[in-house]
Amino acid sequence: MDTRELEMNAMKLVSPGRGILAADESTGTMGKRLLGVGLEPNEEARRSYRANLFSTPNCESAISGVILYDETIRQNMDDGTPISEFLTSVGIIPGIKVDTGAKELANCPGEKITEGLDELRERCSEYYQMGARFAKWRAVITIGDGIPSKSCISTNAHALARYAAICQEQGLVPIIEPEVLMDGSHDAQRCYEVTSEILKETFSACKEQGVHIPGALLKPNMIISGKSCSVQIPRQEVAELTLRCLMENVPSELPGVVFLSGGQSDEDATAHLNIMNTIDSNPPWELSYSYGRALQASALKSWAEGTPEDSQQSFAHRAKMNSLARYGKWSEDAELEQKL
Ligand code: 5MM
C-alpha cells in the first residue's frame, strides 16, 4: 500500500474551498432523475448531461473530485476525450462508485446490505489504470420500528471496512459512506443514536482490518429529524448535533468528512455545512461536501428546460455556494449572485 499517495490524494480532495461532486447515479437512479424532468433516459442522454456539467468553466475552483459510475468512466466528452482524462486535465480527481448496490439483507425485513465485494480487487485495479484515484461505497441504514438491527449495522460496517482495505491496496482513496436515511418519522435524537452506532462499528471494523485512516474519507449524513417527523430542528442545532456526533465517533487521523445531502434542500445542505465551519470547536478533520442532489438538482432542471449554458450556470452557482460554506462565508445574500 502506498500510504503517501493515498494521504496526498485524500488531502487534495478536501483542499480549501473545494469539495466533491457525486455524479455516480446508477443507470436506474439516473433514469428516474431524467424522467423526473421529462427527458428520455438513454446512454447518450446520461453522457451528454454529465459531459456538459463537467465542462462548466472554472468549476475546478469549487470541485476537487467527481464520483463517476462505471458507465461514465468508460465514456468520452463531446470532443472524444475520455471523461477521466478530461477531469484530470482540469485538475479534478476522477473517482468511481465501486459498490453494486444495496440489496435486501437476509433475515432482516426492511433492511439492506450493500454488495460488490466480488472481484473488487480486479475492478479497482482497472479503475486505477483508467485514472481513478478514489472510490465510493454507500451503505444504507433505515430507521424504523425495531430497526436498524445489530445485524444490519455489523454486516454493513464489515463490508465498508473490507471495501476500504481493498481500495487502499489498489491505490484508491476509499470514501466510506454509511448513510442513515432521512426517511421516516424518527426525531433527531434517534438519528444521532443510530449514526453514532454505525460510525462506531464502522471505524472499529476498519481498525480490525488495518484500514489506513489518514488515507480515507468519511461521507456521513447530518443529524437531522426524519422527513415526516413533526419536529424539525433548526439549522444551528443540526450543525451542533452533527459536529458533536462526529467528535464522539470519528478518529482524529481522518483527513476529512465529506457530507452527503441525502434529500435536504439545496440551501439547507449549504447552510448546515456553513454553520459547522463557523462553530469554533476546532474539529481535527476538514468539513466538506460530496453532494449529489444538492449540487445537481437545479442543473438538471435547467438542462431540461433551458440551454446547456443555463445548466452550467446553475451548477456553478451551487458549487460556489458550497465552496463559500467550506470557509463559513456563505450567506443568504450570496445566494443572489449567479456566477463562479
Ligand atoms: C449520486 O447518487 C448516488 C446514488 O447512487 P445509486 O444510484 O446507486 O443509489 C449516492 O450514493 C450519492 O453519491 C450519495 O447518496 C450522495 O448523494 P446525495 O444526493 O445524498 O447528496
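The values are calculated or read from the model by the stated rules, or taken from the named source; none is laboratory data. Fair warning: this is a prediction, and the values are worked out from it, not measured in the lab. A quick note on method: Cβ atoms are made from the backbone with ideal geometry, for glycine too, and the neighbour counts reach across all protein chains shown.
Considering Ser48, Ser55, the condition of being without any contact (Cβ under 8 Å) to a residue 40 or more places away in the chain, more than 30 Å from Gly210 (Cβ to Cβ) and of a type in the set (Ser, Thr, Tyr) is satisfied by Ser48 alone.
Scanning segment 145-162 for residues that are more than 13 Å from Glu179 (Cβ to Cβ) and either outside any helix (DSSP H, G or I) or of a type in the set (S, T, N, Q) (or both) returns Asp145, Gly146, Ile147, Ser149, Ser151, Ser154, Thr155. Considering segment 281-312 alone, what residues qualify as being small (Gly, Ala, Ser) and under 30 Å from Glu248 (Cβ atoms)? If the condition is that a residue be small (Gly, Ala, Ser) and under 30 Å from Glu248 (Cβ atoms), then Ser281, Ser288, Ser290, Gly292, Ala294 are the ones that fit.
When you check Cys124 against the structure, is it more than 17 Å from the chain's Cα centre (by Cα), surrounded by 15 or more Cβ atoms within 10 Å (Cβ to Cβ), of a type outside the set (Asp, Glu) and assigned to a helix (DSSP H, G or I), yes or no? For Cys124, the condition - more than 17 Å from the chain's Cα centre (by Cα), surrounded by 15 or more Cβ atoms within 10 Å (Cβ to Cβ), of a type outside the set (Asp, Glu) and assigned to a helix (DSSP H, G or I) - is met. Would you confirm whether or not segment 172-186 contains a residue that is touching a residue at least 12 places away in the same chain (Cβ under 8 Å), away from the ligand (no atom under 16 Å from the Cβ) and over 20 Å from the mean Cα position of the chain (by Cα)? Yes, that holds for at least one residue.
For residues in segment 286-340 being within 16 Å of the ligand (Cβ to nearest atom) and assigned to a strand (DSSP E or B), which is farthest from Lys12 (Cα to Cα)? Top of the filtered list is Tyr291. Among the helices (runs of 4 or more DSSP H) confined to segment 1-102, the ones with at least 1 residues that are among the polar types (S, T, N, Q), over 21 Å from Glu126 (Cα atoms) and out of contact with any helix residue (DSSP H, G or I) (no Cβ under 6 Å at 6 or more places or on another chain) are located at 27-36, 43-54.
A search for C-beta distances below 8 Å between a residue of segment 264-275 that is within 7 Å of Ala294 (Cβ to Cβ) and within 11 Å of the ligand (Cβ to nearest atom) and any residue that is of a type in the set (A, V, I, L, M, F, W, C) and outside any helix (DSSP H, G or I), counting only pairs 6+ apart in sequence or on different chains, returns Gln264/Met182; Gln264/Met222; Gln264/Ile224; Ala269/Phe259.
In segment 304-333, the residues that are over 14 Å from Arg18 (Cβ atoms) and of a type in the set (A, V, I, L, M, F, W, C) reach residues that are at pLDDT 95 or above and in a loop (DSSP other than H, G, I, E, B) with C-beta atoms within less than 9 angstrom, at least six apart or across chains, in these pairs: Ala304/Val37; Ala304/Gly38; Ala304/Leu39; Phe315/Thr56; Trp330/Asn277.
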